[in-house]
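Asks: Encoded as structure tokens, here's the structure I'll be asking about.
The values are calculated or read from the model by the stated rules, or taken from the named source; none is laboratory data. Given the structure is predicted, the values throughout are model-derived calculations rather than measurements. Every residue, glycine among them, receives a Cβ derived from its backbone with ideal geometry; neighbour counts consider all protein chains shown.
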Amino acid sequence: MTMGQMLTEKAARSRELWRQRTHSDRRLVGGLVVIDLIVIIAASLMAVYGRNNLALFPTEASDLAQLLPPIAAVLVLVWMFGLVCAGAYSVQKIGTGTSEYRSILIASLITAGMLGILGYLTQYPLSRGFFVLQFCLGIPLLILGRATARRLLHLLRRQGGLRIPVLIAGSPAHIDDVAAVLARESWLGYEVIGALVRDSSLAETRSGIPVAGTPEDALSAVRRTGASTVIFAEGSFPGPTGSTKWPGTWKPRMRT
């Protein structure tokens with residue numbers, strides 16, 4: 001198989017991965033929305049039970065059964081809207097780092113503050129015990145739900161699902177090093193389909209990654225191969241000492 005044929009095959013594989021990832025991302029986000037919705041409803045029901053049965057709260061009869069139903073849907077929808085606005089369903093945040101959990105925490109705290117202020121301004125006599133329990137239970141449960149979903153996502157990626165086609169730019173040696181790390185850390189979900197090196201005479205790296213162009217040619221290489229991410233390793237662009245001055249990743253927007 002010639003290098004051109006190998007690159008064409010990688011490009012076809014990449015575009016198929018992109019289509020699969022687009023649909024998978026939609027299903028993933030939809031699944032997280034359903035999980036969060038179930039968790040918020042469950043936390044609300046637990047808060048009702050706790051308010052009515054825990055000795056921590058006054059034992060006299062509560063009007064919670066009459067006051068909660070008219071605004072129950074509003075409480076849930078406002079919380080979900082806060083999660084959306086905070087980026088809790090951003091594909092870039094899902095599965096790695098702490099930003100996903102931080103978005104949930106910030107959105108929940110802002111939602112609690114907004115609902116508290118709204119209740120005060122409207123003088124709506126909702127039980128404060130219920131209100132506190134709802135968020136004290138809901139926030140940890142939301143984070144626990146995301147942690148469980150993340151474990152499932154990593155498991156699927158280790159088994160070859162939800163792959164992300166990626167190009168690596170840099171010197172051939174550093175490209176091979178980064179590719180080896182990505183192969184070892186398969187839970188990240190990256191599948192290397194090509195390399196971008198400054199020496200355009202190379203056909204492939206030592207580990208067999210086909211050369212798709214140069215770092216300066218990244219945009220056209222993405223278009224040819226269908227990669228969704230470009231990782232810039234050391235050696236991508238020469239600085240005063242010939243080393244990379246801008247390591248990182250670039251995720252181009254592609255139409256589906």
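Asks: Counting only residues that are at pLDDT 90 or above and either in contact with a strand residue (DSSP E or B) (Cβ under 8 Å, 6 or more places away or on another chain) or aromatic (Phe, Trp, Tyr) (or both), how many does the stretch 69-125 have?
Replies: Result for the stretch 69-125: 4.
Asks: Give all pairs with beta carbons closer than 9 Å in which a residue from the stretch 43-64 that is assigned by TED's automatic domain parsing to the domain that holds Leu142 and within 13 Å of Leu126 (Cβ to Cβ) meets a residue that is of a type in the set (D, E, K, R) and modelled with pLDDT under 85; count only pairs at least 6 apart in sequence or on separate chains.
Replies: Once the first residue is assigned by TED's automatic domain parsing to the domain that holds Leu142 and within 13 Å of Leu126 (Cβ to Cβ) and sits in the stretch 43-64, its partners that are of a type in the set (D, E, K, R) and modelled with pLDDT under 85 give Ser62/Arg51; Leu64/Arg51.
Asks: Hey, among Arg206, Arg198, Arg184, Arg224, which residue is within 19 Å of Arg158 (Cβ to Cβ), surrounded by fewer than 22 Cβ atoms within 10 Å (Cβ to Cβ) and not assigned by TED's automatic domain parsing to the domain that holds Arg150?
Replies: Arg184
Asks: Further question on the same structure: Considering only residues of the stretch 214-251 that are aromatic (Phe, Trp, Tyr) and part of a loop (DSSP other than H, G, I, E, B), which is modelled with the lowest pLDDT?
Replies: The extreme case among them is Trp246.
Asks: Between Val192, Val211, which is within 21 Å of Ser24 (Cα to Cα) and not in a helix (DSSP H, G or I)?
Replies: Exactly one residue qualifies, and that residue is Val192.
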